[in-house]
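Visitor: One structure, as structure tokens, below. Some questions next.
Read-outs throughout are calculated quantities, based only on the coordinates presented, and are distinct from any laboratory measurement. Here the structure is a predicted model, which means the values were calculated and not measured. Counting neighbours? That spans all protein chains shown, and the Cβs are built from the backbone with ideal geometry, glycine included.
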Amino acid sequence: IEWGNHDVLWMGAALGSRACIASVVRNCLRYDNTDVLERGYGISLRALVTFAQHLYPDKAPIQAAEKAITIMLFKEEGRLIERNPDLQMESRRLLHHIDFRGACAVLPGGRYELRKAYFPTIDENTDDPYQLTEEEDAILYDLCISFTESPALHRHVDFLYRKGSLYLTCNGNLLFHGCVPMNADGTFRAITYGGKTYAGRSWLDFCDRMARAAYLHREPAALDFLYFLWCGRLSPLSGREVKTFERTFLEDRTTWEEPADPYYRLLDDEEMCENVLKEFGLAPKRGHIINGHVPVKVKKGETPVKANGRAIVIDGGFCKAYHSKTGISGFTLLSNSRGLRLLAHQKIADVRTALAENGDIESVSETVELVSIHTTVGDTDQGREMQEEITDLYNLLLAYQNGVLKPQA
């Protein structure tokens, strides 16, 4: 399993990162997915909903809870960013840029009108808008206990850590979720963290180590790093500047645009893809980059196959929220002895409709790559490991037969 940004967010929440917990709860409330928390993992939202209804009595309970947890998220996020300058996320720390009396936010691009200027849990006269109220702190404390003590959640997160990684090289292919951070000219971006500089593969290796350090040792910096992996501009699992604050509070939609890493723009460049494959020790002319993260807008004519087949983006937006953008329900890439085949899944309305009409997800098949000679087990990574073991055993047998090694009683 190659971790995506949503995976590491849940991993961070299960390990006790309060910023990750606030984001998970907000996402579940926003996308009507609270059953996963309450029924699936036994995490109650009652205290949050009760608190939110007092703050926003004119809102429906779920909407009120989303507004309340959003403010808690921005407070936790702001404190996390302040104590981790190496994450380079200062542009996401924005609560102190709100002009409460003027009902606007003063950002580098100018003054922008707020949708609403009602912030009942922020003291307008304080110098620290990131300070949690006693009630907010108590709610996050209880949620943190619920997340860290949920047996079902930890079974799933343990599985993700045992079977997962930030990237994988497999049979000549490179699999990862998001991007390899780059400069505009296609060179690997140098990123400094903790006094050391990383670029390309070394940055992804370091990110993988930090994610595991959070799991093994619960190091505060590593827990904060999981939140960075979820939404950081330099995160290989995100690679874009997430504008949650602007999309939540500001009317001006021009502020909603989320600048992305040059990697996504350069993905159609065959030379760039070959350089990435070489960086990870793979054959540039035969290997493939296989990644997701960015839904392919099929209905606008986009194709998942990039750079003459050197890259394949298999995120077609299986999530229902993306169906209107993509026009389909995602892709599945199949690899067999004859090559690569891509399945594009067509949309279905919902589970009830599919059952009532005896329907299923229909798939349109497309051959991406066809080999002239069947691939055998010996041509795969696993086959090469088996051959090495066979060779070792054969050499051991010869050593005994020739008297180099003497049998022991």
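Visitor: If we count every other residue with Cβ under 15 angstrom of GLY40's Cβ, Lys/Arg +1 and Asp/Glu -1, where does the sum land? Mind dumping the intermediate values first?
Guide: Values: positive: ARG39, ARG155; negative: ASP32, ASP35, GLU38, GLU149.
Neighbour charge sum, excluding GLY40 itself: -2.
Visitor: How would you rank ILE1, ILE62, going from fewest to most other Cβ atoms within 10 Å of each one's own Cβ? Walk me through the numbers before you get to the answer.
Guide: Details: ILE1 13, ILE62 16.
The fewest-first ordering by Cβ neighbours comes to ILE1, ILE62.
Visitor: Which of the GluC sites (Glu not before Pro) found in the range 86-186 are loop residues per DSSP with 16 or fewer other Cβ atoms within 10 Å of their Cβ? Don't skip to the end; give the middle numbers.
Guide: Working: sites: GLU90, GLU113, GLU124, GLU134, GLU135, GLU136, GLU149; in loops: GLU124, GLU149.
Qualifying residues, ordered by number: GLU124, GLU149.
Visitor: Ok, one more. Which one is right for this structure if log10 I(q)/I(0) by the Debye sum over Cα atoms at q = 0.09, 0.10, 0.15 Å⁻¹ is calculated from it: (i) -0.57, -0.70, -1.42; (ii) -0.59, -0.73, -1.59; (iii) -0.66, -0.80, -1.53?
Guide: Label (iii) holds the value from this structure.
Visitor: Further, regarding this structure: Considering amide H positions built from the backbone, and no H for Pro or chain starts, which residues 5 or more places from GLY339, or on another chain, come under 5 Å of its amide H?
Guide: The answer is VAL371.
Visitor: Using amide H atoms built 1.01 Å from N in the peptide plane, name the residues 5+ places from ILE312, or on other chains, whose amide H lies under 5 Å from its own.
Guide: Result for ILE312 returns ILE289, ILE290, ASN291, LYS306.
Visitor: Among residues other than LYS278 whose Cβ falls under 11 Å from its Cβ, what is the net charge (Lys/Arg +1, Asp/Glu -1)?
Guide: Working: positive: ARG201, LYS285; negative: GLU271, GLU274, GLU279.
Cβ neighbours under 11 Å give a net charge of -1.
Visitor: For the chain, what's the relative contact order in percent, using C-alpha pairs closer than 8 Å and at least 6 residues apart? Please report the intermediate quantities before stating the final value.
Guide: Numbers: 648 pairs, mean separation 56.3, N = 409.
Reported relative contact order: 14 percent.
Visitor: With Cβ to Cβ distances under 12 Å as the rule, what net charge do the other residues near THR148 carry (K, R +1; D, E -1)?
Guide: Values: positive: ARG18, ARG218; negative: ASP142, GLU149.
Within the 12 Å Cβ shell, the charges total 0.
Visitor: When DSSP beta bridges are limited to those with both residues in the chain, what percentage is antiparallel, rounded to the nearest 5?
Guide: Numbers: 31 of 38 bridges.
Of those bridges, close to 80 percent are antiparallel.
Visitor: Oh, and also: In debye, nearest 20: dipole of the chain around its Cα centre with unit charges on the Cβ of K, R (+) and D, E (-)? Before the final figure, lay out each step's value.
Guide: Working: 47 positive and 57 negative charges, 108 e Å.
About 520 debye.
Visitor: Just to be sure I understand: with springs between alpha-carbon atoms less than 10 Å apart, which residue in LEU223, LEU334, LEU87 has the highest mean-square fluctuation in the Gaussian network model of the chain?
Guide: Among LEU223, LEU334, LEU87, the largest GNM mean-square fluctuation belongs to LEU334.
Visitor: Which longest run of the chain has no exposed loop site in it, a site being trypsin sites (Lys or Arg not before Pro) in a DSSP loop with at most 12 other beta carbons within 10 Å, and the site itself not part of the run? The partial results should precede the final answer.
Guide: Values: sites that count: ARG101, ARG115, LYS116, LYS285, ARG286.
My reading of the result: 117-284 is the longest stretch.
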